[in-house]
Amino acid sequence: MSDFPIPGTADSAKPVSAGVKRNFDKFSVYSEDITVAAAATTVQISMRKPVQPGSALRINRVVIFNATSSSTSLTVSLSKDGHEIVLGYQDAPAANYTYTITKPFWVGEGERLTATFAGATAADIIHLNVFGELYEVGS
């Protein structure tokens, strides 16, 4: 198991809209386990839906792996409205090797976590597991 490199410092764990006081009284445990079969050489696997308005998601752990074969690269990013922020990149990820992100980070309204495997083989089985807390954001 490898801890996926994430650029930044402890500041990356600040709540959405840092500097604005938020009330995070209500939260629920968040867990998604997504598996897809590759149909092309570039495979994107994402959270099922973006974070909804009035919510903020604190992700504590991400687990990603291609159970079938190695790929050219693995990129993990946050996406919103066609824009991406890269959280981590791995050259030549090995087959059936677990890549993890264990440093907590926030996903804001409308954002979605995505993992992209370039150089995948058709019928590769790709897994994305996301664990964290989903907060109702009040003022």
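Data overview
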{"quantity": "ALA118/LYS26 FRET efficiency (R0 30 Å; Cβ-Cβ; nearest 0.05)", "calculated": "0.15"}
{"quantity": "Å³ per residue enclosed by the Cα convex hull of segment 97-139", "calculated": "116"}
{"quantity": "Listed peptides 41-53, 59-71 by packing density, highest first (mean Cβ within 10 Å)", "calculated": "59-71, 41-53"}
{"quantity": "Karplus (6.51, -1.76, 1.60) ³J(HN,Hα), θ = phi - 60°, over segment 26-33, in Hz, Gly and Pro reported as x", "calculated": "9, 8, 9, 5, 10, 8, 10, 10"}
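Laboratory data are not the source of any read-out in this text; all were calculated from the coordinates shown. Just so it is clear, the model here is predicted, and its values are computed rather than measured. Cβ sites come from the backbone with ideal geometry, for glycine too, and all protein chains shown count toward neighbours.
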